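Bear in mind these aren't lab numbers, they're just calculated from the coordinates by the rules spelled out. These figures come from a predicted structure and were not determined experimentally. Cβ placement follows ideal geometry from the backbone for every residue including glycine, while neighbour counts extend to all protein chains displayed.
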Amino acid sequence: MAVVTVIGGGLAGCEAALRVAANGVSVRLFEMKPGSFSPAHRDGNLAELVCSNSFRSDEASSAVGLLKAEMRRLGSATMAAAERTRVPAGGALAVNREDFARLMTETVLADPLVELVREKAERPFDPGLAEGGPVIVATGPLAGPETTEALSGLAGRENLHFYDALAPIVTRDSLDMGKLFAANRYDEGPGGDYLNCPLSQGEFEAFLAALLEADRVRPRPFESERYFEGCLPIEVMAGRGPRTLTFGPMKPVGLTDPRTGRRPAAVVQLRPENAAGTHYNLVGFQTRLTVGAQERVLRLIPALRGAKFARYGAIHRNSYVDAPRVLDPFQRLLAKPGFFLAGQISGVEGYVESAAQGLWAGENAARLARGLEPVLPPRATALGSLLAYLGPGNEARDFCPSNVNFGLFPPPPPGTRKREWPTGRIKIAQDCWGPFLREIAYAETNR
Ligand SMILES: Cc1cc2nc3c(=O)[nH]c(=O)nc-3n(C[C@H](O)[C@H](O)[C@H](O)COP(=O)(O)OP(=O)(O)OC[C@H]3O[C@@H](n4cnc5c(N)ncnc54)[C@H](O)[C@@H]3O)c2cc1C
């Protein structure tokens, strides 16, 4: 029987390898850590979360919540580990990152069909690797030259780079607790998991002025300032207009300051980084200000006046291919059909999307290894919509990685009433899984 090879033990690679094994097919998983690390990875464990500890909303009314529900239905290892290492975060699914990575590593090591090879694949597209069966390259957005140079050769100059940014983390003991309040937006979920730092109109204007003038880290000559729209640095958002931040990461709607009984002019939300609540992430505050400028500007937020930074915001590289032009509908390279791309490098954006796309790459690699044709999930599902975005049908001229969102879903059937569509599309998505999974003879829970 064929053996599938997976390169990269991140979110996509682990999910892919475990999916292959769940199909009864043997798999070799190459992970270069701890021998080599990308600039953002630090932990020797697999499936490391390099920035936020959040898998975002867990509400099925959101596209990412729906995608998670579909992953659970498919027996996703990522979702199972996230559930077991969950920390409170209102309506979001957030985890203790160390426990999560440890559990994912243990899950991989415990699977008798997975062979974990702790080595860097120096030639990830070597035809020799595909002799035993399909190969899944899941080397992530910070893949080294061994991947990116080979990909440029295979995919042409459509192999693009862009940059997004990390949000700072502060310690709880450095916060002025008298100047913030605990609450979830719209009081969703039990308790108040977020710490909210309110600003008056005057404080917001002073913050904005300082932010616009602050020093930024200059992009290196080979770096283009092309950011992912869903993860813009705060200074870039601020430059788009005085109200952009209060409609974005500083939006006060749904938050009432219990001390005044009123909605503040602006709010910075802090989300716990760990179950102990010793560190907090500034939600949506990714930035490429210099370290000195971050200290000066962020301390203008009253509750952060004495903030100690456990991590500063930073820019980072993100490598991905122009998926609709270089991949087939199953995310195999057109120039090398034995090779799938999985995770962020395939053109999805985000932890959940990387794991979900990896899951399906694993499913298809296993199908090929078993002599079956690859398949796609129904187009109306969250996963089907995400994969369709990567597919040749996407004619966008300027392809850019995307989070899952309802904009990727098919349009409503003719005659659907506008106000019924938000719930209607979720029902359609949920209803089509059952028949599809039965058609491909797939058990709906973990195998
Ligand atoms: C700095 C940064 C911050 C991010 N922050 C967030 C965030 O907060 N929230 C979010 O949803 N998404 C975030 N992303 C985007 C993205 O969702 C994550 O990067 C996600 O981890 C992508 O999953 P992946 O499996 O594609 O890659 P990764 O999780 O990066 O996994 C790739 C793995 O491959 C290994 N590897 C690489 N090359 C080789 C090789 N040649 N041989 C063997 N092993 C190799 C690496 O060591 C790594 O373990 C961020 C990305 C970056 C770069």
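Which of ARG259, ARG56 has the fewest other C-beta atoms within 10 Å, and how do the rest follow up to the most?
Ranked by crowding around the Cβ, least crowded first: ARG259, ARG56.
Between the helical axis of 11-22 and the dominant principal axis of the chain, each derived from Cα atoms, what acute angle in degrees is found, rounded to the nearest 10?
On a 0 to 90 degree scale, this one is about 40.
Apply 1/(1 + (r/R0)^6) to the Cβ-Cβ distance of MET1 and SER152, taking R0 = 30 Å, and write down the FRET efficiency to the nearest 0.05.
Rounded to the nearest 0.05, the efficiency is 0.35.
Along the stretch 49-62, what does the Karplus equation 6.51 cos²θ - 1.76 cosθ + 1.60 (θ = phi - 60°) give for ³J(HN,Hα), rounded to whole Hz, x for Gly and Pro?
Whole-Hz 3J(HN,Hα) from phi for the stretch 49-62: 8, 7, 9, 5, 9, 10, 9, 6, 4, 10, 7, 5, 7, 9.
Residues in the stretch 280-320 near a label at SER200, defined as backbone nitrogen under 15 Å from the 7 Å Cα→Cβ point?
Flagged as within label range: 301-303.
What is the mean projected area of the alpha carbon convex hull for the chain, to one decimal in square nanometres?
For the chain, the mean projected area of the Cα convex hull comes to 21.5 nm².
Can you tell me the order of 3-9, 47-53 when each peptide is scored by its average per-residue count of other Cβ atoms within 10 angstrom, highest first?
Packing order, densest peptide first, comes out as 3-9, 47-53.
Is the stretch 165-317 rounded, prolate or oblate when judged by the Cα gyration tensor, a ≥ b ≥ c being the square roots of its eigenvalues, rounded requiring a/c under 1.5 and prolate requiring a/b larger than b/c?
prolate
Taking a cut-off of 16 Å between Cα atoms, list the aspartates and glutamates near LYS427, but don't count ones fewer than 8 places away on the same chain.
Partners within reach: GLU59, GLU70.
To the nearest 10 degrees, how steeply does helix 97-110 sit against the main Cα axis of the chain, on a 0 to 90 scale?
Here the helix axis deviates by roughly 10 degrees.
Let me know the charge dipole size of the stretch 306-447 about its Cα centre in debye, to the nearest 20, where only the beta-carbon of Lys, Arg (+1) and Asp, Glu (-1) is charged.
Using only the charged Cβ atoms, the result is roughly 300 debye.
Multiply the residue separation of ARG42 and ARG259 by 0.36 nm, subtract the distance between their alpha-carbon atoms, and state the gained length in nm to one decimal.
Result: 74.0 nm gained on full extension.
According to the square roots a ≥ b ≥ c of the eigenvalues of the Cα gyration tensor, what is the shape class of the stretch 44-112, taking rounded for a/c under 1.5, prolate for a/b larger than b/c otherwise, and oblate for the remainder?
Oblate is the answer for the stretch 44-112, as a/c is 1.5 or above yet b/c matches or exceeds a/b.
Using helices alone, what [θ] at 222 nm do you get for the chain, with -39,500 (n - 2.57) per DSSP H run of 4 or more residues, divided over all residues and rounded to the nearest 500?
Here the helix-only value at 222 nm equals -9000 deg cm²/dmol.
Connecting C-alpha atoms closer than 10 Å in a GNM of the chain, tell me which of PRO272, PRO302, PRO127 has the biggest fluctuation.
Its mean-square fluctuation being the largest, the pick is PRO127.
GLU106 label point, 7 Å along Cα→Cβ, cut-off 20 Å on backbone N: hits in the stretch 47-74?
Residues passing the 20 Å test: 47-49.
Order of CYS231, CYS432 from fewest to most other C-beta atoms within 10 Å?
The order, fewest Cβ neighbours first, is CYS432, CYS231.
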